[in-house]
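Presented below is the structure to which this report refers.
The values are calculated or read from the model by the stated rules, or taken from the named source; none is laboratory data. These numbers were taken from a predicted model, which means no experiment stands behind them. Using ideal geometry, Cβ is built from the backbone for each residue, glycine included, and neighbour counts are taken over all protein chains shown. With ligands, DNA and RNA removed, areas are computed over all heavy atoms of the protein, side chains included. Shrake-Rupley method; radii C 1.70, N 1.55, O 1.52, S 1.80 Å.
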Amino acid sequence: MKLEKGDVAVVTGAASGIGFALAERFAKAGMHVVAADVEPGALDDAVTRLAKHDGEVIGVHTDVSKAEQVQALANSTVERFGGVHVVCNNAGVVSRSDPWLGPIEAWEWVVGVNLWGVIYGVRAFMPHMAIGGRGHIVNTASMAGLFPGLNPIYDATKHAVVAITENLYHDMRATNLNVGVSVLCPGWVRTALVDSERNWTGEGEVPPVGAALSAVEPHLRRALDEGLTPAAVADLVATCIEEDRFWVLTHPAWMPLASERWDSITEGVNPEPPKQVPGMPPRSQLMEEVLTALAAPPEG
Ligand SMILES: NC(=O)c1ccc[n+]([C@@H]2O[C@H](COP(=O)([O-])OP(=O)(O)OC[C@H]3O[C@@H](n4cnc5c(N)ncnc54)[C@H](O)[C@@H]3O)[C@@H](O)[C@H]2O)c1
């Protein structure tokens, strides 16, 4: 779908990182932008920065893990602009809690934002696009949606987002609705993702950082700091929308990790974790650091 001046784009998680870059990319194309985010101050700042471009910009405070808030986002978009052409279900979080020993609320929070947020977004916006006769939905998954081994909670949600989006693609084709569908699967991108817990909306207190996660965290921060710029990701997303490409793969060098995993499934071989994820230390070094962290007495 050609991105036209005056088209309307909705981006969730638009106050930071990839979401902000997507919103900025659409605003630079002269599109109207609805920026949705749960972090109020950051959302106001983002709207101010986005308003420098030609199209109109509105900010809508939205927690994507709440169905009624995502529906309200769709309603206010249609009320304000009369329709919607591009929707990026992009908001996402990662928890540093221990997935097996930490509180279940960490799972509920990440699943709420990363998975339910995408489901609510598709259900709230797709009918408007179908009626409008022209649209494109981009769901943000991750390379963690193509092979497991990074973080069980996060990986689970991103695998589900890939599966949902692929099904949505088939359904939009089968029904001849003029709604394109893409899934964004980035590797490391320079964003504030590791600090997701700043927007904790789960039950109770933010869970403590798990020992294994605390060992991995410095490497993760470095990998993200050295990652792709969000603007480069946004440019690729815009190209994929215009060329009707389903897979938005920002890090082709990572793809062997996915294909090796599928080869081992085909051969019926028991799973091996990736020996080395690009940008991270070798698995053996990481495991040593994790074991040292696990052996250390808990703080306090
Ligand atoms: N940064 C990476 O390396 C990377 C890699 C693969 C996938 N991703 C995915 O990219 C997406 C964007 O993340 P990012 O890296 O730009 O991180 P980020 O933290 O910079 O941006 C995420 C945005 O989502 C918002 N958000 C969090 N919870 C929300 C909620 N409940 N409702 C609405 N908004 C909420 C945050 O306020 C923030 O503005 C996520 O889905 C993430 O999983 C990121």
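General observations
- Contact annotation: residue pairs with Cβ atoms under 6 Å, 6 or more positions apart or on different chains, pairing a residue in the stretch 38-65 that is of a type in the set (S, T, N, Q) with a partner that is near the ligand (Cβ under 9 Å from one of its atoms) and open to solvent by 30 Å² or more (accessible area, probe 1.4 Å), are 62/69.
- Selection from the stretch 7-28 of residues that are in a loop (DSSP other than H, G, I, E, B) and more than 12 Å from the ligand (Cβ to nearest atom): 7
- If you filter the stretch 166-211 down to residues that are in contact with a strand residue (DSSP E or B) (Cβ under 8 Å, 6 or more places away or on another chain) and open to solvent by 50 Å² or more (accessible area, probe 1.4 Å), you find that the one that is nearest to residue 232 (Cα to Cα) is 190.
- Residue match in the stretch 238-245 (condition: within 15 Å of the chain's Cα centre (by Cα) and in a loop (DSSP other than H, G, I, E, B)): no
- Qualifying residue in the stretch 133-140 (condition: within 11 Å of the ligand (Cβ to nearest atom) and part of a helix (DSSP H, G or I)): no
- Criterion violated by residue 232 - all others in (1) part of a helix (DSSP H, G or I); (2) near the ligand (Cβ under 10 Å from one of its atoms); (3) surrounded by fewer than 20 Cβ atoms within 10 Å (Cβ to Cβ) satisfied: (2)
- Qualifying residue in the stretch 77-87 (condition: of a type in the set (Ser, Thr, Tyr) and within 14 Å of the ligand (Cβ to nearest atom)): no
- Complete set of residues in the stretch 176-214 that are acidic (Asp, Glu) and in a loop (DSSP other than H, G, I, E, B): 203, 205
- Long-range neighbours under 8 Å by Cβ, at least six apart or interchain, first residue closer than 20 Å to residue 90 by Cβ within the stretch 209-237, second among the polar types (S, T, N, Q): 224/191; 227/191; 228/250; 230/191; 232/250; 233/250; 236/250; 237/182
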